[in-house]
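Below is one structure, written out as structure tokens, with a few remarks after it.
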Amino acid sequence: MTTSLSRDLIFLILQFLDEEKFKETVHILQKESGLFFSMKYFEDLILGGKWEEVERYLSGFTRVDDNRYSMKIFFEIRKQKYLEALDKHDRAMAVKILAKDLKVFSSFNKDLFREITQLLTLDNFRENEQLSTYRDAKTARTIMLGELKKLIEANPLFCDKLQFPNIKTSRLRMLINQSLNWQHSLCANPRQNPDIRTLMVDHNCRNSTDPYTQLATSNQFMVSAQRTEGFIPMCANGPFQPASTSVQAPLSAWLTAPLSMNHPVVSGGGSLGGPSNLAAVSKGLVDSDMSKPRVSAVPDRIMPPGINSSQNGLQFNMTEELPRTVARTLNQGSLTTSMDFHPTQQTLLLSGTNIGEISLWEVSSREKLVSRNFQVWDIGASSMTLKAALIKDPFVSVRRILWSPDGYLFGVAYSKHMLQLYTYFGGNDIRQHLEIDSHIGAVNDLAFCNPYKQLAVITCGDDKTIKVWDVATGANMYTFEGHEASVHSVCPHNKENVHFFFSTSVDGKIKAWLYDTMGSKVNYYAPGCSCAAMAYSADGKRLFSCGTTKEGESHMVEWNENEGTVKRTYQGFHNRSLGIVQFDTAKNRFLAVGDDYSIKFWDMENCILLMTVDAEGGLPASPRIRFNKEGSLLAVSANDNKIKILATVDGLRLMRTYETHSHIATRPAPSNAPVKNGDSRKPEDTKPKSTEEVNPVKAAKVTEISTSAQFRSLKLSAHFEADKIGRLVYTYTGNAILALAFNAIYLLWKWPQNDLNLSGKATTKAAPQLMQPASGILMTNHLIEGNPVETVPCFALSKNDSYVMSASGGKITLFNMMTFKKMVTFMSPPPVATNLAFHPQDNNIIAIGMEDSTVYIYNVRLDEVKSKLRGHSKRITGLAFSPLLNILVSSGADAQEGHLQQGQTPRYSFTRIRHSCSL
């Protein structure tokens, strides 16, 4: 299976071969890789009548029996070849084509094959009524080509293979240049005009006394020792020349070097100390040597100090968006060590303390909903090492507490061995889920990830390892070794379907890993060899790190992850820090750090300190901080075991809303779920607490909306005729509304990102724009005859907002949301589709609820129904897949609910799904 990194390399090779005019080789690689189908090459083959080459090229992408589109493509090609042989009166060739190429279709349509065979009996096949308009081979090929294009574009097997990626010219050449430049910068005595004659081994400037040294002006490769933008430019007369415009390497270019190699760390001064492009280094880097000369970082990698006077107004406006007002003060009772806001219920705050206590707060009402102290849930299953550690020192602190992305789980990492996972059912109802004796010593950090379409949790600890655990079962999926000191933090991410994570250790090393057993892929040093943490901005496009050295010097930087260098260094750490500073990001725009008894804020685009807030005093030297998802609230640890909640204007409004009407959603807990609580041993100077302190949640007071001042509204209009709206949803990204009218026409409104709406999310402060491609194409469903108002429109949006599946009483249609293009239609009524749902982990699997009360599990890619489920007595009104469990829930007009659970079957195989319905 071709990985994303291999795909990138193949595309670069295809570009290089095309630029070098290796035309035949290009098409062979296209076919053998199956990554890009050249429609232009296919057209040339068809119009030239090169039928053997046509089928040979097609075979790299599809087979005759893959689906009905593929079958139709091959049939049309072979039929045309057959007709041309008949037209030339070459009966022998026609019979050969009939027996060898067309006979395969006889099992699918015997009548059609019989009719084709009968053409052999005619002197002129045009005597057949259906072929009477056939003119000549050239005209017929042109007409057929138009039909083939439509079939290829509609074929799911050709999805994403018809468009070559947008790659800047000579990209592979540029990567080789960067590799040579980096190799040259590592030379002990770099020369002005190095002689680089081969790419087969790493470059190294030889000594002047070396008899093999030849610095001739006729070198095949010439480089200059002067660096520009961090690279050494190639001379103009060299065969490998960088493009005139700046080119950035893709993430895959530095995530992975040859997997079998170990890459020793290269230490540098103010930069990462790693190569600008690690993928281009073919043989691993030299060992770290601080005494070895290094090419200094170029000045423009550090933002120039000072703020332009014209920006003063902008700076003032930006500070208004930062949480500065102390809105609430919570009495935690012990020193707070970690905090995290709920991802959706943004006034719910988890906190962990230095005595192992975890608490759940409703910050708007200052209520501590839950408080639990550390206890091993199953001491019998614990390791002897943990038991011995608890006997020697019973005190345990919380190192990290974190919600899962959907807010249904949260994890707690403790200072002794333990990771505990809880399930959250809403309100004050939390249940024990999993307990894992995960590391020897402290568990320093945890993070949730989804590397193989199943939720997992990553932990790191004092035992110098990183481990990945299955959230459902607690099984250890991976153990990563390679750090030489305690691992301080982990930062998982994914780009272009490549899942990876960073890890940092207390000795300042940063490593990047894929979810495999091949070891770390890149090795860096954090600025100043600081003990740092890393984090991406909310949109996943920018990478930051912040940490503190043993001497108390703090550093916060933005990385250029494409090159592995420091892009921007933020200034404002004037005094030595007394601990490791903690940072957080908000709104894809701001950075915040707890330092020097205050909170410091930066604009991501400017390295100069934007603002400092002391939260009315009473903060420790390095306070813990945490933003909520929208950046409207900021939790800050304070002296006297308190937590201060800072708020923006929107944050104050959010908390007032929760005070008047509680939005804490509860969901029924399983009746057989065990309730396990336990007391931990506490320091003598700590006031004893009950095992579980639960303040009753106040009954929600329903606020009656009686005046227009209590709400805001926008009217969304279309520029073309549309009927009444039948279905309406927000997109998953929260920046658009998708509607389906009764006349089967889609409407998509999207909020632009501008000065009135910096986040680009849904808001009433700015009107969204009706989206329509330049072609003027509208997404329109297939309609059955009759009154369209009588139909039941339904649609389902894929999780990445890329596709929408829908029906308006007719065939089911799949649209590309980016282009509004109709990709495929299938399943003609009856029965009529009344509800649709995408599988949360595979867009090719959909559930289809029908008017006749059945539910189909359908594979779009294979164009086949995998299973047909029964249990309802009336039409299906609702379908939903569980994001964590292999369960499909259905509802019907018969007021019944069905539960469809996948048994011990292969992934996405629904052949043995059980379907049970209960009133």
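Observations, loosely collected:
- Within the range 567-580, the set of residues being over 33 Å from the mean Cα position of the chain (by Cα) and either open to solvent by less than 20 Å² (accessible area, probe 1.4 Å) or under 16 Å from M534 (Cβ atoms) (or both) comprises S577 only.
- Among the residues of the range 441-464, those identified as under 22 Å from Q582 (Cα atoms) and assigned to a strand (DSSP E or B) are V443, N444, D445, L446, A447, F448, C449, V457, I458, T459, C460, G461.
- Selection of strands (runs of 3 or more DSSP E) fully inside the range 473-522 by the criterion of at least 1 residues being of a type in the set (G, A, S) and within 26 Å of K550 (Cα to Cα) returns 487-495, 498-505, 509-514.
- Annotation: of all residues in the range 540-566 being within 19 Å of F601 (Cβ to Cβ) and open to solvent by 30 Å² or more (accessible area, probe 1.4 Å), the one that is farthest from the chain's Cα centre (by Cα) is H555.
- Taking the criterion of being open to solvent by less than 30 Å² (accessible area, probe 1.4 Å) and part of a helix (DSSP H, G or I), the residues of the range 152-164 that qualify are I152, A154, F158.
- Strands (runs of 3 or more DSSP E) lying entirely in the range 532-615 (those with 1 or more residues that are touching a helix residue (DSSP H, G or I) at 6+ places or on another chain (Cβ under 7 Å) and of a type outside the set (V, I, T)): 554-560, 565-570, 598-603, 609-613
- Looking at L5, L17, L9, L29, just one residue is open to solvent by less than 30 Å² (accessible area, probe 1.4 Å) and either in contact with a Ser or Thr (Cβ under 7 Å, 6 or more places away or on another chain) or assigned to a helix (DSSP H, G or I) (or both), and that residue is L17.
- Hits in the range 359-390 - residues which are open to solvent by less than 20 Å² (accessible area, probe 1.4 Å) and without any contact (Cβ under 8 Å) to a residue 60 or more places away in the chain: S359, S382, L386, L390
- Annotation note: Cβ proximity below 6 Å between a residue of the range 451-477 that is in contact (Cβ under 8 Å) with a residue 60 or more places away in the chain and a residue that is of a type in the set (S, T, Y) (sequence gap 6+ or interchain) occurs for P451/Y515.
- Output for the range 314-333, where each listed residue is open to solvent by less than 10 Å² (accessible area, probe 1.4 Å) and either under 11 Å from I643 (Cβ atoms) or of a type in the set (D, E, K, R) (or both): L330, Q332
- Pairs are defined by a Cβ separation below 7 Å, a sequence spacing of at least 6 or placement on different chains, a first member in the range 756-776 that is closer than 29 Å to S632 by Cβ, and a second member that is open to solvent by 70 Å² or more (accessible area, probe 1.4 Å) and not in a loop (DSSP other than H, G, I, E, B); the pairs so defined are A762/Y730; P768/K750; Q769/K750; M771/K750.
- Filtering D516, D507 for residues that are open to solvent by 40 Å² or more (accessible area, probe 1.4 Å), at pLDDT below 95 and of a type in the set (D, E, K, R) leaves a single hit, D507.
- Residue ranges of helices (runs of 4 or more DSSP H) in the range 37-117 with at least 3 members over 20 Å from K150 (Cβ atoms) and open to solvent by 20 Å² or more (accessible area, probe 1.4 Å): 51-58, 91-97
- When we screen I777, I784 for residues that are assigned to a loop (DSSP other than H, G, I, E, B) and out of contact with any strand residue (DSSP E or B) (no Cβ under 9 Å at 6 or more places or on another chain), the only hit is I784.
- For the range 127-142, filtered to residues that are part of a helix (DSSP H, G or I) and within 14 Å of K88 (Cβ to Cβ), the residue that is most open to solvent (accessible area, probe 1.4 Å) is K138.
- Residue among T780, T791, T763 that is modelled with pLDDT of 85 or more and surrounded by 14 or more Cβ atoms within 10 Å (Cβ to Cβ): T780
- Some residue of the range 647-656 being under 27 Å from V566 (Cα atoms), at pLDDT 90 or above and not in a helix (DSSP H, G or I): no
- Considering only residues in the range 795-813 that are without any contact (Cβ under 8 Å) to a residue 60 or more places away in the chain and of a type in the set (S, T, N, Q), the one that is farthest from D863 (Cα to Cα) turns out to be S802.
- Taking the range 165-219 as the range and being modelled with pLDDT of 80 or more, of a type in the set (G, A, S) and part of a loop (DSSP other than H, G, I, E, B) as the test, only S170 passes.
- Residue within the range 731-739 that is without any contact (Cβ under 8 Å) to a residue 12 or more places away in the chain and either open to solvent by less than 60 Å² (accessible area, probe 1.4 Å) or on the phi > 0 side of the Ramachandran plot (or both) present: no
The values are calculated or read from the model by the stated rules, or taken from the named source; none is laboratory data. Everything numeric in this text was worked out from a predicted model, so none of it was measured. Counting neighbours? That spans all protein chains shown, and the Cβs are built from the backbone with ideal geometry, glycine included. Remember, those area values only see protein heavy atoms, side chains included, never the ligands or the DNA or RNA. Shrake-Rupley method; radii C 1.70, N 1.55, O 1.52, S 1.80 Å.
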